[in-house]
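Heads up: the structure comes next, in structure tokens.
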Amino acid sequence: MSVDIPLMRWCSEYFVRAGGLAYFGDVLGTIAPALAPTFIAFDDLSCINTNTRKTAFWMLTYRNPSYIEPLRKETTAAFNGDRLVDLGHIHKNCPLLKSLWFETLRMASNATSVRLVNKDTIIGNKILRKGNRIRPSTAPMSVHLTPSVLPVQTLRSSGGPSAAARRCAAAAIAKRATLILLSIVLRRFDIVIVGEGKLPTPDLGMSVLGIMAVKDD
């Protein structure tokens with residue numbers, strides 16, 4: 001008798017079930033018999049929540065107070081009282097809000113990517129040989145921190161500082177959701193950092209898929 005099964009699912013279910021048995025014995029399987037397929041489905045979709053919540057966090061903390069009122073003024077037309085009624089205005093007519101989004105992505109990204117060198121390339125005194133792979137870092141220490149190098153006006157007029165050949169379709173949804181949240185928060189609340197007013201400390205030692213984590217919530 002032969003059995004055809006998807007290899008990845010077989011390996012995934014084996015290790016999820018084995019981990020449950022190793023740590024919890026038969027108890028976990030009794031309580032949640034569908035844990036393995038549920039966990040695998042969650043793992044496939046977990047990236048939905050990976051970057052959006054962190055980007056919103058840094059947008060609300062990495063801020064220059066002088067931009068708060070201009071942002072409120074820019075988004076005013078989208079509201080009727082405190083109720084958001086015009087989503088189109090938020091996404092089409094708010095260049096300052098859009099620039100804040102791109103600047104946060106630029107400053108808060110802590111991912112690494114892999115690129116294939118398709119021809120011999122000289123950068124400074126280094127030679128990158130064709131066929132090798134490089135891992136450029138997008139950590140904050142590798143980006144310009146001086147406003148004169150990449151002013152807000154640049155982001156306002158031209159969008160993001162860079163873009164890949166292919167873009168994640170879900171990024172558009174994440175952007176819209178984050179800008180909506182930020183607009184509502186600034187409309188309804190006055191927010192300040194309590195205590196000494198210091199910015200939260202990023203966790204640059206943690207490997208992430210995109211936006212850096214924070215050491216303390």
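Along the charge dipole of the range 1-101, Cβ charges K/R +1 and D/E -1, which of THR30, THR52, ILE90 sits furthest on the positive end?
Positive-most Cα among the choices belongs to ILE90.
How long is the gain from ALA18 to ASN118 if the chain were fully straight, where each residue apart is worth 0.36 nm and the alpha carbon distance is subtracted?
Answer, rounded to one decimal: 31.8 nm.
List the residues whose amide H sits under 5 Å from the amide H of ALA213, counting only those 5 or more places along or on another chain, with H placed 1.01 Å from N in the peptide plane.
Residues meeting the criterion, in which the H sits 1.01 Å from N, are ASP203.
Straight-line reach only, C-alpha to C-alpha below 29 angstrom: list the lysines that LYS175 could link to, leaving out same-chain residues fewer than 8 apart.
Once the sequence-local lysines are set aside, what remains near LYS175 is LYS54, LYS73, LYS92, LYS98, LYS198, LYS215.
Loop-only check: which trypsin sites (Lys or Arg not before Pro) in the range 168-217 are DSSP coil with at most 16 other Cβ within 10 angstrom?
Answer in residue order: LYS198, LYS215.
Using the Karplus curve 6.51 cos²θ - 1.76 cosθ + 1.60 with θ = phi - 60°, work out ³J(HN,Hα) for each residue of the range 34-43 in order, rounded to whole Hz, and write x for Gly and Pro.
9, 4, 4, x, 5, 5, 5, 5, 4, 4
Taking 22 Å as R0, compute the FRET efficiency from the Cβ-Cβ separation of ALA77 and GLU196 and round it to 0.05.
Efficiency computed from Cβ-Cβ geometry: 0.05.
Under a point spin-label approximation (7 Å from Cα along Cα-to-Cβ), what is the THR38-ALA177 distance to one decimal in nm?
Computed distance between label sites THR38 and ALA177 equals 2.1 nm.
Could you give each residue of the range 185-190 its phi-based ³J(HN,Hα) in whole Hz, using Karplus coefficients 6.51, -1.76, 1.60 with θ = phi - 60°, and x for Gly or Pro?
4, 5, 6, 9, 9, 9
Readers should treat all values here as calculations from the given coordinates under stated rules, not as data from a laboratory. Keep in mind that this is a model prediction, so the values were computed, not measured. Using ideal geometry, Cβ is built from the backbone for each residue, glycine included, and neighbour counts are taken over all protein chains shown.
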